Structures are given as C-alpha cells and as structure tokens.
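The values are calculated or read from the model by the stated rules, or taken from the named source; none is laboratory data. Given the structure is predicted, the values throughout are model-derived calculations rather than measurements. Cβ atoms come from the backbone with ideal geometry, glycine included; neighbour counts cover every protein chain shown.
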Amino acid sequence: MRRLVVIAVLALLASPLAAQDNPFKFPKNKVNAIQVSYAYAGDMQGTGERAISKDKFVTHENTTAKFFGKTTSTDSWTLLTSDYTYSADLTKKTGVKRPNELPYMEKAYDNLDGASKLRLHQNMQDMAQMITRAFGTQALTAGEKGETKTFAGEKCKEHSFAGFSVCSMEDAPAIPLHLQGNLLCVDFEETATSVKKGEPPASEFEPPPGITFQSDPNMASPDSLARGFVTYLASQQLADSLAKAKAEMAKQAPASNASNASSAEKPRELTPEEKAQQRAACEKLKNFDLGKTMADAGKSVVKEALNEAAQEKEAEAKNSAKNKVKGLFKKPHL
C-alpha cells in the first residue's frame, strides 16, 4: 500500500505544477487484468509478484536485505481492495487489516481550495529537494522525463525525481515495470521480468492460509486522519517551516554552493572521488554489526563491574585479615 503511495507521489512530482491532478487518485488502467513478476537487485535481493483484477490489487514479495550487519528476510503479502488493505507477514503468520487510505486522501485533496492544492505540491517538492541536499542523493528537477523504455516486452514512460526513477506501464500506470533509487545508503532496484495480460488465477487474491487479520486500532477514523494529513501537507505552517529549514541549510552550505541556495536549482554534483568516498562509507555502514557492537559493549561493562566487585571483595578480605592479626597482638594491660 505504501509503495503505491510512493509511486503516486513520484508521478505528482514529475508533472508540471499547473497541470497536476489529484496525487492520491489511483491511476486508471486500460488493462483491467494483468500479472507481473519482478526481480529485485541492489541492497535488497529477491523476487516479487503483482496482479490486478478490476478493483483488486495484490502484491507478494520475498526479499533478503542487509543493513547494520544484519541480514533480514521478508516474505510479505498485501491485498488492496476499494475499501481495505490486508497485509500479512507470511514468516510470522500475522496479518493486519486497515482501511484503504487512498480514497480518503483523494477526497481530502479534492476539498482543498486552489491555493492550498498548489501549496501542497510545492511543499512536497521542497521536502524532496531537502532530502536530496541532506543525504547527497542525485537531484532531479520536477518534470524531468526520461525516454520510453521496454521491460519484459512492455513499454513504459520513465519519470525521475530526487534520485528516484519510476517507469510505469503505458496501458496500466498503476503497474511499475521498473523502480530504482538510492536513499540513506540503500540502493534499490525492481525490474519486471514477465508480464501476462489477462485474468490472473483466483488463488492470487485469496488470503494466505493460517493468517488471521487483526484490525489496526490506529486507523479507526481514516477519514479524519486522511483529512488532517492532507491539510498539513497543504498548510502554510509547513511551507514556513520548510522555508526556515532551507534558509538554515543555505547558511551551512559551502561558499562554493552559495549561488545554488535557491530551491529551484540543483545542488553541486559530487565528484567521482566524493562518490567513491560516499560509497565506501555506505559499505562500512551496511556491514557494521550494530547488534554485536552493543553486545560487546554490554559485556565490557559487565566485565568491568565484576572486576571492580572482585577488587572490592579482595580489599575487604585483606582488611579483615589484617584486623584479625592485630587482634592477636593486643597491648598488655599494665
């Protein structure tokens, strides 16, 4: 579900401000039934499946990723309907049922006035640009369109923004044929390996066996939550906060980048040497075993405490023995 929101936001950022549609409106597909297989590369390896049948959208991902020295395997299943989202962890045999957030966000956006809609788009662009500057990702201006590409025999139009690119299928915009990006030292790439048009097997949309879906108590009032979220994204308060943050970042920027402080311009592109240094630092971070380091630190603290206790006990024993010896040689009473 959240991956779909990301795709919608990327599509929003890649379109001209004056012509932007509702970013929370699920894309209309010319193809109402399709099944796509994926391969994941980069710091997350594995495979995935997506299938659409009218108003149902199902995703199954089986991946392995490594970060902070820990390798994590995930086997997840998600079904999106017009009313609800069902998410399951197939390894832990747990499931969560939530209201489909997109229709509520779509409605909240439609209820904004024209100025608020434009401000929402601008705020989201400013946030993406700040992430670009803060984390050193490659900056791409809004509206930058790539070429038409082909994956698994199907054409897609590529759009890029802030170091991310999405290539959505021309006949089914809700289906990405290629996703790629880098954020916080994590490289991600998803590529379609096969596309089958036509009604997928009914079993694709059936809940996994042995899973009981529990309702998310935090989503008891999805309408008010969506309205508050969208209103905040479109608020002058957020715009002022972003302007203040951008001004602070501009002050801290090197003098060589002072001329690029404007939000409409790109930050300086990293040199090959800087990119190599950044990559080396990222590799160290990925292989840094945080759990082992914390465990070793804990053992060291315990060892020091035990040594101190032993030393104190030894000192007490010496003092006790010394007092006993003194007691054997008392002064005689004259």
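Could you say which residue among 92, 66, 30 is modelled with pLDDT of 85 or more and either in the same structural domain as residue 169 (by TED's automatic domain parsing) or not in a strand (DSSP E or B) (or both)?
On the way: 66 fails: modelled with pLDDT of 85 or more; 30 fails: modelled with pLDDT of 85 or more.
Among 92, 66, 30, only 92 is modelled with pLDDT of 85 or more and either in the same structural domain as residue 169 (by TED's automatic domain parsing) or not in a strand (DSSP E or B) (or both).
Which members of region 27-84 meet the condition of being among the aliphatic types (A, V, I, L, M) and within 27 Å of residue 155 (Cα to Cα)?
Residues of region 27-84 among the aliphatic types (A, V, I, L, M): 31, 33-34, 36, 39, 41, 44, 51-52, 58, 65, 79-80.
Result: 31, 33, 34, 36, 39, 41, 44, 51, 52, 58, 79, 80.
Residues in region 5-24 that are at pLDDT below 85 and assigned to a loop (DSSP other than H, G, I, E, B): how many?
Start the filter on region 5-24 by keeping residues that are at pLDDT below 85, which leaves 5-21.
With assigned to a loop (DSSP other than H, G, I, E, B) added as a condition, the list becomes 14-16, 20-21.
Residues that pass the stated criteria total 5.
Could you figure out which of (1) of a type outside the set (D, E, K, R); (2) free of Cβ contacts under 8 Å to residues at least 40 places away in the same chain; (3) over 30 Å from residue 243 (Cα atoms) isn't true of residue 114?
Every condition holds for residue 114 apart from (3).
Working only within region 95-121, note down all residues that are charged (D, E, K, R) and in a strand (DSSP E or B).
97, 98
Looking at this structure, is residue 246 under 30 Å from residue 114 (Cβ atoms), touching an Asp or Glu at 6+ places or on another chain (Cβ under 8 Å), in contact (Cβ under 8 Å) with a residue 12 or more places away in the chain and in a strand (DSSP E or B)? Spell out how you get there, then give the answer.
On the way: under 30 Å from residue 114 (Cβ atoms): yes; touching an Asp or Glu at 6+ places or on another chain (Cβ under 8 Å): yes; in contact (Cβ under 8 Å) with a residue 12 or more places away in the chain: yes; in a strand (DSSP E or B): no.
Judged against the criteria, residue 246 is not a match.
Which numbered condition in (1) of a type in the set (Ser, Thr, Tyr); (2) modelled with pLDDT of 65 or more; (3) in a loop (DSSP other than H, G, I, E, B) is the only one that residue 203 fails?
In the conditions (1) of a type in the set (Ser, Thr, Tyr); (2) modelled with pLDDT of 65 or more; (3) in a loop (DSSP other than H, G, I, E, B), residue 203 misses (3) alone.
The conditions are (1) in contact with a helix residue (DSSP H, G or I) (Cβ under 8 Å, 6 or more places away or on another chain); (2) at pLDDT below 85; (3) exposed (fewer than 14 other Cβ atoms within 10 Å of the Cβ), and residue 232 fails exactly one of them. Which is it?
Unmet for residue 232, out of (1) in contact with a helix residue (DSSP H, G or I) (Cβ under 8 Å, 6 or more places away or on another chain); (2) at pLDDT below 85; (3) exposed (fewer than 14 other Cβ atoms within 10 Å of the Cβ): (2).
Which one of 76, 87 is among the small types (Gly, Ala, Ser), under 19 Å from the mean Cα position of the chain (by Cα), modelled with pLDDT of 95 or more and surrounded by 18 or more Cβ atoms within 10 Å (Cβ to Cβ)? Steps first, please.
On the way: 76 fails: surrounded by 18 or more Cβ atoms within 10 Å (Cβ to Cβ).
Exactly one residue qualifies, and that residue is 87.
Can you name every residue in region 190-223 that is of a type in the set (Asp, Glu), over 30 Å from residue 43 (Cβ atoms) and touching a residue at least 12 places away in the same chain (Cβ under 8 Å)? Give the steps one after another, and end with the answer.
First pass over region 190-223, keeping only residues of a type in the set (Asp, Glu): 190, 199, 204, 206, 216, 223.
The next check asks that each one be over 30 Å from residue 43 (Cβ atoms); those that pass are 199, 206, 223.
Once the filter is applied, which keeps residues that are of a type in the set (Asp, Glu), over 30 Å from residue 43 (Cβ atoms) and touching a residue at least 12 places away in the same chain (Cβ under 8 Å), region 190-223 yields 199, 223.
What number goes with the only condition from (1) closer than 28 Å to residue 96 by Cα; (2) of a type in the set (D, E, K, R); (3) surrounded by 12 or more Cβ atoms within 10 Å (Cβ to Cβ) that residue 197 does not pass?
All conditions pass for residue 197, except number (1).
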